[in-house]
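The values are calculated or read from the model by the stated rules, or taken from the named source; none is laboratory data. What you see is a predicted model, and the numbers here were worked out from it, not measured in a lab. Note that we place each Cβ from the backbone using ideal geometry, even for glycine, and neighbour counts take in every protein chain shown. Ligands, DNA and RNA are excluded from the accessible area calculation, which covers all protein heavy atoms including side chains. Shrake-Rupley method; radii C 1.70, N 1.55, O 1.52, S 1.80 Å.
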Amino acid sequence: MSATPGRHASGSHMLQNIDWVTILLYFLLVGLGWMNIYAAVYSPDNVVNIMSFDINSGKQLVWIAASLILIIVLLVVDYKVYEHLAYPIYGAIILLLLVTLAVAKPIAGSRSWLDLGGGIRLQPAELAKFATALAASKFLSTVNLRQQNFADQMKLAAITLLPPAIIILQNETGSALVFAAFILAYFREGISPLILIIGGSVAAVFILTLLVPKLYLILAITVLLALATWLDYRLLRRYKTMMALWVLVVGMIFSVDFFVNNVLQPHQQNRIKALINPEADPLGFGWNVTQSKIAIGSGGFWGKGFLEGTQTKFDFVPEQSTDFIFCTIGEEQGWVGSTVLIGLFMFLMIRVVMVAERQKSVFGRAYGYCVASIIFFHFLVNVGMTIGLAPVVGIPLPFFSYGGSSLWSFTILLFILIAIDANRSQDLAR
């Protein structure tokens, strides 16, 4: 008889401690996303009800309803299951990725979708994000990265890099890039900042090589190294290291062209060209970015009004209900609406970080930072590519873009954290 009151007390305790602010932000973003998915497919010449299953907004409503059931399950399940079964869940998703690679039919050159029948498709690459977050957090709860143990770092790297390696084989590079966001969470848990510095430097040199003449860039690198040596004379004692660093950077500068022209596929080369100079081929590789910026710019300060976007209505922007959903906000709600949406995402990410910091367990904190990092990466790249500041890599806007796999992935990712957070005081008692 005593077990029943205990369960009731536990459920009551969870409801009292649940983070309703984060849940409210979730439903705000999902609701706004649903309305803008309708705006993206709305046609004044053929008005269809927003809940019609013949258009994307009606189909998305089904996924939203299924997400509500999923949320209840995620909150009802014992929160300790997520930590105890982290590795089996990760293994199951890895197996699913391999099965997808083997049996999926090519869609737009990618073998990343499983056909479940009835017009329903699932993209396991989306589910790999929360599975990797669970496995990485489980591993981080058993080691101390601050001790800079090389073997532990290699194990963590293997956990993180295995899913994107399979996803790249599926020819879904955009989804694979998201896993780079995990490094931000690992930095919080004590991984060497040198990894962040090296990664950021490599990315900066790669981008600058595409924008600046090689001679100018080499001169700039040489001046910077000379200035650093002059400011800190102790670097003179490491002149061999400095020379090796200079040779390495120069070698990378001269290898970028080879990498772009001989390693990347044609569509990936076009994405880089569109990022550098979309006006060079406005009717070809620059079309998406050019039309996206026109749509956002045409919205002005207040926007044209809900369902009044002309760029949207005449289908100038491809994939507007998925990858380029932010254009709809920019055109119809203007600078004000765009700022409000960005503010909501910023609030959500700050809130997730706050939730992560108040966790009593390393697993909970690490998982919270993984959630924040993934949402941040998606938000940054998706908004960036619509305004020409990031390459077009097919990354959806979290909770907002059309797509069941994406919505489910982010719902699972966020509500596992909410479940862990609601029971954080029990972690202290363990």
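So the values come out like this:
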quantity: Residue match in region 54-64 (condition: in a helix (DSSP H, G or I), out of contact with any Phe, Trp or Tyr (no Cβ under 8 Å at 6 or more places or on another chain) and of a type outside the set (K, R)); calculated: yes
quantity: S52 vs. criteria open to solvent by less than 50 Å² (accessible area, probe 1.4 Å), of a type in the set (S, T, Y) and touching a residue at least 40 places away in the same chain (Cβ under 8 Å); calculated: no
quantity: Enumeration of residues in region 24-49 that are assigned to a loop (DSSP other than H, G, I, E, B) and buried (at least 19 other Cβ atoms within 10 Å of the Cβ); calculated: Y42
quantity: Residue within region 170-188 that is farther than 21 Å from I107 by Cα and more than 19 Å from the chain's Cα centre (by Cα) present; calculated: no
quantity: Residue within region 166-189 that is surrounded by fewer than 16 Cβ atoms within 10 Å (Cβ to Cβ) and either of a type in the set (S, T, N, Q) or over 30 Å from A102 (Cα atoms) (or both) present; calculated: no
quantity: Selection count, region 377-397, where residues are β-branched (V, I, T) and within 16 Å of F182 (Cβ to Cβ); calculated: 2
quantity: Within region 55-65, tally of residues that are under 17 Å from Q320 (Cβ atoms) and loosely packed, with under 14 Cβ neighbours inside 10 Å; calculated: 0
quantity: Residues of region 384-418 that turn out to be of a type in the set (A, V, I, L, M, F, W, C), assigned to a helix (DSSP H, G or I) and either surrounded by fewer than 21 Cβ atoms within 10 Å (Cβ to Cβ) or touching a strand residue (DSSP E or B) at 6+ places or on another chain (Cβ under 6 Å) (or both), as a count; calculated: 1
quantity: So L114, is it within 30 Å of F187 (Cβ to Cβ) and either small (G, A, S) or over 20 Å from the mean Cα position of the chain (by Cα) (or both); calculated: no
quantity: Any hit, region 112-119, residues being in contact with an Asp or Glu (Cβ under 8 Å, 6 or more places away or on another chain) and either outside any helix (DSSP H, G or I) or free of Cβ contacts under 8 Å to residues at least 24 places away in the same chain (or both); calculated: yes
quantity: Only listed residue being of a type outside the set (K, R) and out of contact with any helix residue (DSSP H, G or I) (no Cβ under 8 Å at 6 or more places or on another chain), chosen from V317, V355, V256, V336; calculated: V336
quantity: The listed residue being within 12 Å of the chain's Cα centre (by Cα), within 28 Å of A66 (Cβ to Cβ) and of a type in the set (S, T, N, Q), out of S321, S373, S401; calculated: S373
quantity: Qualifying residues in region 127-163 (those that are in contact (Cβ under 8 Å) with a residue 60 or more places away in the chain and either open to solvent by 10 Å² or more (accessible area, probe 1.4 Å) or outside any helix (DSSP H, G or I) (or both)) - the one nearest to D115 (Cα to Cα); calculated: L127
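For (1) in contact with a Pro (Cβ under 6 Å, 6 or more places away or on another chain); (2) open to solvent by less than 50 Å² (accessible area, probe 1.4 Å); (3) assigned to a helix (DSSP H, G or I); (4) modelled with pLDDT of 90 or more, each residue gets a yes or a no:
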position: S67; (1), (2), (3), (4): no, yes, yes, yes
position: L74; (1), (2), (3), (4): no, yes, yes, yes
position: Y82; (1), (2), (3), (4): no, yes, yes, yes
position: Y87; (1), (2), (3), (4): no, no, yes, yes
position: Y90; (1), (2), (3), (4): no, yes, yes, yes
position: I93; (1), (2), (3), (4): no, yes, yes, yes
position: V99; (1), (2), (3), (4): no, no, yes, yes
position: K105; (1), (2), (3), (4): no, no, no, no
position: R121; (1), (2), (3), (4): no, no, no, no
